[in-house]
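Read through the structure below, which is laid out as structure tokens, and then see the notes.
The values are calculated or read from the model by the stated rules, or taken from the named source; none is laboratory data. Remember, it's a predicted structure, so these values are computed and weren't measured experimentally. No Cβ is skipped: glycine too gets one built from the backbone with ideal geometry, and neighbour counts run over all protein chains shown. Remember, those area values only see protein heavy atoms, side chains included, never the ligands or the DNA or RNA. Shrake-Rupley method; radii C 1.70, N 1.55, O 1.52, S 1.80 Å.
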Amino acid sequence: MLNLDQLAAFVSVADLGSFTAAGERLGLTQPAVSQQVKLLEQRLAVRLIERVGRRARPSAAGVELLAYARRVLAECAAAEEAMQPYKDGAVGRVRIGCGGTASIHLLPRAIAAAKKRMPGLEIIVRVGNTDEMLRELESNALDIAVVTLPASGRALEVEPFHEDAFLAVAPAGSVWPEGGPDAAFFRDKVMLLYEGGNTRRATDEWLGTAGLTSAPAMAFGSVEAIKELVAAGLGWSLLPALALQSNSASRLSTSALQPPLVRQLGMVLRRDKHLTKGLQEVMSALRAQQNSNRR
């Protein structure tokens, strides 16, 4: 592999016709420039610079190398220039994995806040359940995951940041027991539940307190689909409050649960992940969502 410093020394000598002048341009001593050119000649096994009187001129091989060397140095300079905004923290890219509900009802506000502070930030979002997102994270296909806890992995670091209570959900006009329904209330109800992941495990465990085995009439991988079906009068459900903040929730009847059922969302990263400015901005914006929801 050719050495960039050696190429720069060679080009400077060829341009200026002098090892001393090349040293002044590069901030090196004349012997240091001579050594760089000598090492390059040894690497290529050809003479590159010849002395013609008091001038240093490129040899025939040197003339041919000169065009390549200029292109290499120009591309390297362009690469350094392209990296400067990243060094300054002006641009960056963050790949986020999250669940469907968070991608609709939590992440947009966080992304908007992060991009307001860092307009050059590129955000890529992938949606899936907790297990899928953790696999992507471990393979470094994602920079950060926002998932329903628990989440574990030897190489992963977890930071809880948002608590989200579940609500009982029914068609508009439905009647709830005073204080909210317990698990036994749903014994004779047609249930529409989320399919798979930690969200489903949490609802199954809560229903299990009344000895109910989760056997929903229908199971879906979309909370939004469940909301529409419940609004159409096709059943009841247990859904995160985060998913019930939109206007579509006006076509539903909701109630707190007794006892309460709360899921916790967390940010998950690889322990060895370098925290770029963009990633720090995203994490800060996500933390702020918990505070904004408490107000």
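Placing unit charges on the Cβ atoms of the charged side chains and taking the dipole of the chain about its Cα centre, the candidate lying farthest along the positive direction among Gly92, Gly266, Ala22 is Ala22.
Qualifying trypsin sites (Lys or Arg not before Pro) in segment 7-96, where qualification requires a DSSP coil assignment and no more than 10 other C-beta atoms within 10 Å, comprise Arg54. For segment 67-136, the gyration tensor built on C-alpha atoms gives an oblate shape. Its axis ratio a/c (a ≥ b ≥ c) is at least 1.5, and a/b is not larger than b/c. Entry note, the chain: the mean residue ellipticity at 222 nm calculated from DSSP H runs of n ≥ 4, each adding -39500 (n - 2.57), is -14000 deg cm²/dmol after division by the residues and rounding to the nearest 500.
Which FRET efficiency value, to the nearest 0.05, is calculated for Gln280 and Met218 with the Förster distance at 45 angstrom and r the Cβ-Cβ distance? Efficiency, from the Cβ-Cβ distance: 0.60.
With the cut-off at 1.5 for a/c, could you classify segment 192-269 from its C-alpha gyration tensor as rounded, prolate or oblate? Rounded. Cross-link partners for Lys116 among the lysines, with Cα-Cα distance under 22 Å and sequence neighbours closer than 8 places in the same chain left out: Lys87, Lys277.
Each distinct pair of alpha carbons in segment 158-295 adds a 1/r term; the inverse of their mean, the Kirkwood radius, is 16.3 Å.
Using a probe of 1.4 angstrom and keeping all protein chains present, the accessible surface of the chain works out to 52 square angstrom per residue. What is segment 94-173 by shape, rounded, prolate or oblate, if you read a ≥ b ≥ c off the alpha carbon gyration tensor as root eigenvalues and call it rounded for a/c under 1.5, prolate for a/b larger than b/c, and oblate otherwise? Since a/c reaches 1.5 but b/c is at least a/b, the shape of segment 94-173 is classed as oblate. Solvent-accessible area of the chain (1.4 angstrom probe, protein heavy atoms only): carbon and sulfur portion equals 52 percent. The local environment of Glu138, defined by Cβ-Cβ distances under 10 Å, has a net charge of +2 under the rule Lys, Arg +1 and Asp, Glu -1.
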